[in-house]
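Let me begin by presenting the structure, written as structure tokens, before commenting on it.
The values are calculated or read from the model by the stated rules, or taken from the named source; none is laboratory data. Computed from a predicted model, the values in this text were never measured in an experiment. Heads up, the Cβs are rebuilt from the backbone with ideal geometry, glycines too, and the neighbour counts pull from every protein chain shown. We work out accessible area using only protein heavy atoms, side chains counted, and drop any ligands, DNA or RNA first. Shrake-Rupley method; radii C 1.70, N 1.55, O 1.52, S 1.80 Å.
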Amino acid sequence: MAGPTVITFGTFDVLHVGHVRVLNRAAELGDRLVVGVSSDALNFSKKDRNPVFTQDERLEIVSNLKVVDAVFVEESLELKRQYVMDHSADILVMGDDWAGKFDFLSDICKVVYLPRTPSVSTTAIIEHITTTRV
Ligand code: C2G
């Protein structure tokens with residue numbers, strides 16, 4: 001019998017060590033890791049800017065990580081319940097910047113928040129690149 005399927009979500013723009021660690025830790029919780037990658041439109045609606053990498057590029061990057069078994073486009077934050085059911089996920093994992101936000105799904109899956117990796121973010125990387133002289 002197959003072990004638990006883990007699902008997680010994110011933009012994963014300008015992939016960095018915080019992203020890799022949360023995906024590795026999510027994968028350790030089950031047998032299969034499915035990742036919902038935010039669409040460009042969803043990202044724009046949340047952050048008011050376009051991601052550096054397009055959704056197709058971000059999907060390609062995330063799907064090539066060895067701990068990731070499958071990827072799909074996350075079109076809306078409101079569709080989490082549907083995505084959990086569509087992918088038969090047993091465990092939903094998010095970084096703890098989302099702590100408490102998805103507890104309402106605990107009737108259909110286990111909800112786990114993992115500590116964020118400190119001092120690294122896509123926003124800080126973009127800022128560093130745009131303000132550092134070489
Ligand atoms: N993350 C982390 N440590 C960091 C930065 C990010 O653990 N230093 C985690 C986040 O907590 C999240 C995942 O990496 O679980 C992806 O982060 P983002 O790409 O910033 O995702 P976000 O824009 O928060 O989109 O439905 C939810 C959204 O799609 C999440």
- [ ] Would you pull out the residues with amide H under 5 Å of Thr54's amide H, same chain only if 5 or more places away, H placed 1.01 Å from N?
- [x] none
Task: Geometric extent, Cα atoms of the stretch 72-121 - Rg, Dmax (angstrom) - done: 11.7, 34
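How large is the accessible surface per residue of the chain, computed with a 1.4 Å probe and reported in Å² as a whole number? Mind showing how you got there, number by number?
Details: 7690 Å² over 134 residues.
Ligands and nucleic acids excluded, the result is 57 Å² per residue.
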- [ ] Calculate, for Phe44 and Thr132, the FRET efficiency according to 1/(1 + (r/R0)^6) with r their C-beta to C-beta distance and R0 22 Å; round to the nearest 0.05.
- [x] 0.30
TODO: Quick one: what are the phi-derived ³J(HN,Hα) couplings along the stretch 53-66, Karplus 6.51/-1.76/1.60 with θ = phi - 60°, whole Hz, x for glycine and proline?
DONE: 9, 5, 4, 5, 5, 5, 4, 5, 5, 5, 5, 8, 6, 5
Open item on the list: Counting only helical runs of four or more DSSP H residues, what would the 222 nm mean residue ellipticity of the chain come to if each run contributes -39,500 (n - 2.57) and the total is spread over all its residues?
Closed with: -10000 deg cm²/dmol
TODO: For the chain, just list the percent of Cα-Cα distances falling in each 5 Å bin from zero outward, please.
DONE: 2, 10, 20, 23, 22, 13, 5, 2, 1, 1, 0, 0
Task: In order through the stretch 43-52: 3J(HN,Hα) via Karplus (6.51 cos²θ - 1.76 cosθ + 1.60), integer Hz, x for Gly, Pro - done: 4, 5, 5, 7, 10, 6, 8, 6, x, 5
Open item on the list: Using the Karplus curve 6.51 cos²θ - 1.76 cosθ + 1.60 with θ = phi - 60°, what ³J(HN,Hα) values do you get for each residue of the stretch 22-27, in whole Hz, with x for Gly and Pro?
Closed with: 5, 5, 4, 5, 5, 4
TODO: Any chance you could check the Cα centroid distance between the stretch 47-101 and the stretch 106-124 for me, in angstrom?
DONE: 12
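Could you work out what % of the accessible surface of the chain is carbon and sulfur, using a 1.4 angstrom probe and leaving DNA, RNA and ligands out of the count?
Working: 4130 of 7690 Å².
With neighbouring chains kept in place, the figure for the chain is 54 percent.
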- [ ] Would you pull out the residues with amide H under 5 Å of Leu114's amide H, same chain only if 5 or more places away, H placed 1.01 Å from N?
- [x] Met94, Gly95, Asp96
Open item on the list: Defining a contact as two alpha carbons under 8 Å apart and six or more residues distant in sequence, what relative contact order in percent does the chain show?
Closed with: 29
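Scale the Cα Rg of the stretch 29-91 by the rule-of-thumb value 2.2 N^0.38 Å and send over the ratio, two decimals.
Details: Rg = 12.3 Å, N = 63, 2.2 N^0.38 = 10.6 Å.
Here the answer is 1.16, to two decimals.
Sort the stretch 1-49 into rounded, prolate or oblate with this rule: let a ≥ b ≥ c be the square roots of the eigenvalues of the Cα gyration tensor; rounded if a/c is under 1.5, and if a/c is not under 1.5, prolate when a/b is larger than b/c, oblate otherwise. Display every interim value, and only then the final one.
On the way: a/c = 4.30, a/b = 1.94, b/c = 2.22.
Since a/c reaches 1.5 but b/c is at least a/b, the shape of the stretch 1-49 is classed as oblate.
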